[in-house]
Amino acid sequence: MDAPSLATDKPITIAIMAMGGQGGGVLADWIVAMAESQGWIAQSTSVPGVAQRTGATIYYVEIIRPQRNHAPVLSLMPVPGDVDVVIAAELMEAGRAIQRGLVSPDRTTLIASSHRAYAVTEKAQPGDGTADPTPVIAAAEGVSRRFVHADMQALAERAGSVISSSLFGALAASGALPFDRTAFEDTMRASGIGVEAGLRSFGAGFDAVLTPNRPIEQPIVIPSDVQGGTTAERLELRRALTRIDAEFPPAAGDMLRIGLRRVVDYQDVAYAHEYLDRVSRLADRGDEVVIEAAKQIAVALSYDDVIRVADLKTRGSRFARVREEVTARRDQIVQTTEFMHPRVAEICGTLPARLGLAIENSPPLTNILRRLFERGRRVRTTSLAGFLPLYVIAGLRRHRRSLLRHTREMAHIEVWLTRVAGQTDPRLALELLKCRRLVKGYSDTHARGQSKFDKVIGATDMLRGREDAADWIRRLRDAALADVDGRALDGALATIATL
């Protein structure tokens, strides 16, 4: 036989931008399997990246119709200006594809999920550090031949599936590939993994392209029934739910129920009544104040500590979620490794109040603890040696009320609520409640936030008797959220001192 010549027909080129857990490899495999099932030749490669969580990867697929006696020439990676379809599993990944030159106005169909997976630089800001998506959307519309976007993550979650399936549906509806919807769906059925939920998600992505302006409903789940726990715990929780209807404005009911669920999950049913007791101190201040109090007090009571971290990392639901994110099969083993960096402050905070305080006040003891524990370490929670210590720490929850950290947090919350309850101006009380958002995270982040919070709350003494006190507290809070170092806040406080 004569040696085959090289095919000159141009392949269809597809670049997929996805982060770890978003199923970019699955999406590429579906495209390859579908093309081959239709008699086409397909090739896929992947190029790991270094962005956001575990790194954004470019999956690259080329498909071409076979020709007799002609062998195709397929590339191993996308070339700027020579990509027919770009699929981005997150909005800023679409922006990075544009920066790389993979999107061109004369040929590229750009398909992107409009949701965000926030970068570390965005999360590190004290306030809202999220990047503005408007320039990315404007650029995508300007430099692509066609731009298709919707919240594919929300569509997939509503269907009980993963984002790769909704993106596959969007690709089918875009008409960028010469295959009908049946070919796409048959490919998913042939995979045999999560088919029913996957097809629902596929259909949602398909419809989102055909009707791009249709809103995605995200119903809020409000706990209205009591499940789990002992009989005594269920009775106490029902009593707490009854208190919401009897003691608080109806407008605050939903937020109180959400807060109730949060604090019970954090501690126990008795904590729910402690939560309602604190909110009830402001029950006569108007709907807006009670709703804000219900939100902020629930967050304050469920502060992040070592016990909470250990609890979340050893829950069965977390291991199940990790398996789902990496699309592991039932017969595959998934190992989970956590990075831990305990400080002396966290260790002392997990001890009984008197003991923890005594160690903190003893430099020799703190130096010993620092040498023993204050270093980064990797803990494999899918092994008994890694799981068991965290499980034991999580079990300290029943003793949390007697520990040093809890004692300090409750004292701090009491000072804050006493300050709020003492205000006759409901607008000022509302702004003081909102200031609680300054306190977040743990370790150094928590300490910085609490320091700013104390400065803002303390400014009410300088503003006593002023009609614009609420406006000044709001400005101080905005200044505190403006930078990590707190220079803007110090400047605003200096201005108040001159009033």
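Please list, ordered by residue number, the helices (runs of 4 or more DSSP H) wholly in region 384-445 having 1 or more residues that are over 12 Å from Ile307 (Cα atoms), under 26 Å from the mean Cα position of the chain (by Cα) and among the small types (Gly, Ala, Ser). Steps first, answer last, please.
Details: elements: 384-394, 404-421, 426-434.
Filter on region 384-445 gives 384-394.
Just one of (1) within 21 Å of Ala176 (Cβ to Cβ); (2) surrounded by fewer than 17 Cβ atoms within 10 Å (Cβ to Cβ); (3) under 18 Å from the mean Cα position of the chain (by Cα) fails for Asp128. It is (1).
Among residues of region 343-358 that are at pLDDT 90 or above, those with a Cβ under 9 angstrom from a residue that is assigned to a strand (DSSP E or B), sequence gap 6+ or separate chain, pair up as Gly349/Leu403; Thr350/Leu403; Leu351/Leu403; Pro352/Leu403; Ala353/Leu403; Gly356/Leu403. The single residue among Glu338, Glu374, Glu325 that is of a type in the set (Asp, Glu) and out of contact with any Gly (no Cβ under 9 Å at 6 or more places or on another chain) turns out to be Glu374. Checking each residue in region 295-345 for being among the charged types (D, E, K, R), farther than 30 Å from Thr366 by Cα and either under 19 Å from the mean Cα position of the chain (by Cα) or buried (at least 18 other Cβ atoms within 10 Å of the Cβ) (or both) picks out Lys295, Arg315, Arg318, Arg321, Arg323, Glu324, Glu325.
Residues being touching a helix residue (DSSP H, G or I) at 6+ places or on another chain (Cβ under 9 Å), without any contact (Cβ under 8 Å) to a residue 24 or more places away in the chain and under 17 Å from Thr13 (Cβ atoms) are represented in region 43-64 by at least one member. Condition first: farther than 24 Å from Thr13 by Cβ, aliphatic (A, V, I, L, M) and not in a helix (DSSP H, G or I). Now tell me which residues in region 154-212 satisfy that. Once the filter is applied, which keeps residues that are farther than 24 Å from Thr13 by Cβ, aliphatic (A, V, I, L, M) and not in a helix (DSSP H, G or I), region 154-212 yields Val162, Ile193.
Within region 396-425, the set of residues being of a type in the set (A, V, I, L, M, F, W, C) and crowded, with 19+ Cβ neighbours inside 10 Å comprises Leu403, Leu404, Trp416, Leu417, Val420. Of the residues making up region 479-489, those that are loosely packed, with under 14 Cβ neighbours inside 10 Å and either without any contact (Cβ under 8 Å) to a residue 60 or more places away in the chain or within 17 Å of Arg436 (Cβ to Cβ) (or both) number 2. In summary, helices (runs of 4 or more DSSP H) completely within region 249-339 and bearing 2 or more residues that are among the aliphatic types (A, V, I, L, M) and out of contact with any helix residue (DSSP H, G or I) (no Cβ under 7 Å at 6 or more places or on another chain) occur at 316-325.
May I ask you to list the residues in region 452-482 that are part of a loop (DSSP other than H, G, I, E, B) and in contact with a helix residue (DSSP H, G or I) (Cβ under 8 Å, 6 or more places away or on another chain)? It would help to see each step written out before you state the result.
Step one: of region 452-482, the residues part of a loop (DSSP other than H, G, I, E, B) are 459-468, 481-482.
Once the filter is applied, which keeps residues that are part of a loop (DSSP other than H, G, I, E, B) and in contact with a helix residue (DSSP H, G or I) (Cβ under 8 Å, 6 or more places away or on another chain), region 452-482 yields Ala459, Thr460, Met462, Leu463, Arg466, Leu481, Ala482.
The values are calculated or read from the model by the stated rules, or taken from the named source; none is laboratory data. If you're wondering where the values come from, they're calculated on a predicted model, not measured in any experiment. Cβ atoms come from the backbone with ideal geometry, glycine included; neighbour counts cover every protein chain shown.
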